[in-house]
Amino acid sequence: MDIRRMSLWESRNATFMSNNLIRAVVEDQGEVAVELSARAVQGGFVNALNLPYFRGRGLGVESDPNADWWKSKMSFYQAGGIYLTFPSRNENDILVSNTSWMVRRYGSDGQSGALWRLSQMKSRQEHNRYRATKVDMILPGQSVLYSLVRITNSDEEVLSYNAEIHAMLTPPFLESGCFVNTSPASFTAFPPNFREVAFNRLKSGVMFTDLRHAPSIRGGSVDASYIPGPTGSYDYLVGQVNDNEELGWISVINPRLQMVFLSLFPAAAGSLDSTVMKSQVFDLSFNLLGRMDSPWALYEGGTSQVFSLTAGHGIIDHHGSLKAPSSAQLLPGQTIDLVYAHAFLSYDNPRISNGFFTMEKEDRALVLKRTKSYCLIPCDYKFTTIRELADRLIENAQD
């Protein structure tokens, strides 16, 4: 077990956490996890997360020597990794993703054996006042990074918001032959935004319930659960988790490396109290060298430079395409907890490389099953430990 502070680029600092199974590096700037790595069956550590070539390395756009290039692209300055978007995507607002957080403390917990870090930020912007406290945690014997973000509306007016947690995956983990799976849901594809230059494989505006049979723009269906390699296409899917699901999840399996990436979050039927955000909606962005607008390409209409899959969940603006709310509100003084986890690990049984049929819950573990074959993922899928630890750390920080 190891936790320590480290310097990255131009006055950027981060926290390194490791339990010998998983390594995580979380930046202070925007609270972005820039590394989540685990050991592959072949022996080397693999980072699942993408840090695209255009990602900034300075303190911010204003101080960057190449600032002119970043005009109208401020949100991309922190692109990649695991990141949180709140309360909107308006680049002119103070957001959790474009602000440098203050790491208050870090250490180990005597009760659970966890390594943890505690960070905070505040927005005093007019009509956008809130404060946020974040706890990141890894437990002994688990290949999981847990996070809890506690956000309070510190204004005297209602704060309308979107809250989204995304993980941007990349080679060498993401490659041709990977499989994507999700908790049971209904899906629909969006057409390209007018600013984007991209070719779609999937037909937009059609509801479907199986990624393996997604409606194709050319007629018939296409297997959207399979990563085919560089097709030169870009597709954006939103899905609504079924109402009877307690746990939402998105998985990506790499058969060649025998590794699985898993995103976990509380869903609508979960037993957690009302102070915890339930993620009814998730999204998947398939960029198979298909984004040809800047900065994904060097110039508008150019050759795409990024091959990635971005998986997210939360309260997402789906523009009325789903039944779930597309935004939420925090009353003055009201607090909401965003709780989520990301697991990354290798598996021994190569049959899981063909995909799993069910995900079953055991005591402190999830099991991916394919007939008689299985992959055991030790984890606290009820988020009990991270919530208890966060309560203690935040209470002590206020004393």
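The values are calculated or read from the model by the stated rules, or taken from the named source; none is laboratory data. Please read these numbers as outputs of a predicted model, since none were measured by experiment. In this analysis, Cβ positions are derived from the backbone assuming ideal geometry, glycine residues included, and neighbour counts consider all displayed protein chains.
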Query raised in the report: Considering region 44-60 alone, what residues qualify as being buried (at least 21 other Cβ atoms within 10 Å of the Cβ) and either in contact with a helix residue (DSSP H, G or I) (Cβ under 8 Å, 6 or more places away or on another chain) or outside any loop (DSSP other than H, G, I, E, B) (or both)?
Result: L49, G56
Query raised in the report: What residue, of S271, S279, S294, is buried (at least 22 other Cβ atoms within 10 Å of the Cβ), in contact (Cβ under 8 Å) with a residue 24 or more places away in the chain and either of a type in the set (S, T, N, Q) or not in a loop (DSSP other than H, G, I, E, B) (or both)?
Result: S279
Query raised in the report: within 22 Å of the chain's Cα centre (by Cα), in a strand (DSSP E or B) and in contact (Cβ under 8 Å) with a residue 12 or more places away in the chain - does that describe any residue in region 190-212?
Result: yes
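Is it the case that region 31-40 has a residue that's assigned to a loop (DSSP other than H, G, I, E, B), modelled with pLDDT of 90 or more and over 30 Å from N153 (Cβ atoms)?
The answer is yes, given that some residue of region 31-40 is assigned to a loop (DSSP other than H, G, I, E, B), modelled with pLDDT of 90 or more and over 30 Å from N153 (Cβ atoms).
So if I check each of Y381, Y374, Y340, Y347, which one is among the hydroxyl-bearing types (S, T, Y), surrounded by 15 or more Cβ atoms within 10 Å (Cβ to Cβ), touching a Cys at 6+ places or on another chain (Cβ under 7 Å) and over 30 Å from F199 (Cβ atoms)? Steps first, answer last, please.
Numbers: Y381 fails: touching a Cys at 6+ places or on another chain (Cβ under 7 Å); Y374 fails: touching a Cys at 6+ places or on another chain (Cβ under 7 Å); Y340 fails: touching a Cys at 6+ places or on another chain (Cβ under 7 Å).
Going through Y381, Y374, Y340, Y347 in turn, just one is among the hydroxyl-bearing types (S, T, Y), surrounded by 15 or more Cβ atoms within 10 Å (Cβ to Cβ), touching a Cys at 6+ places or on another chain (Cβ under 7 Å) and over 30 Å from F199 (Cβ atoms): Y347.
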Report task. Select from region 61-84 the residues that are surrounded by fewer than 20 Cβ atoms within 10 Å (Cβ to Cβ) and either under 29 Å from I22 (Cα atoms) or touching a Phe, Trp or Tyr at 6+ places or on another chain (Cβ under 7 Å) (or both) and list them in ascending order. Result -> D64, W70, S75, F76
Query - Where a residue in region 374-399 is among the polar types (S, T, N, Q) and its partner, wherever it lies, is crowded, with 17+ Cβ neighbours inside 10 Å, with Cβ under 6 Å and at least six apart - result: T385/S112
**Report entry** Output for region 150-167, where each listed residue is under 13 Å from the mean Cα position of the chain (by Cα) and not small (G, A, S)
**Finding:** E164, I165, H166
Report task. Could you tell me which numbered condition L262 fails, if it satisfies all but one of (1) assigned to a strand (DSSP E or B); (2) loosely packed, with under 15 Cβ neighbours inside 10 Å? Result -> (2)
Query - Candidate set from region 13-30 (those that are within 30 Å of I94 (Cβ to Cβ), assigned to a strand (DSSP E or B) and not β-branched (V, I, T)); member that is modelled with the lowest pLDDT - result: Q29
Query raised in the report: Hey, any hits in region 314-325 for a residue that's touching a residue at least 60 places away in the same chain (Cβ under 8 Å), in contact with a Lys or Arg (Cβ under 7 Å, 6 or more places away or on another chain) and either surrounded by fewer than 18 Cβ atoms within 10 Å (Cβ to Cβ) or under 30 Å from S176 (Cβ atoms) (or both)?
Result: no
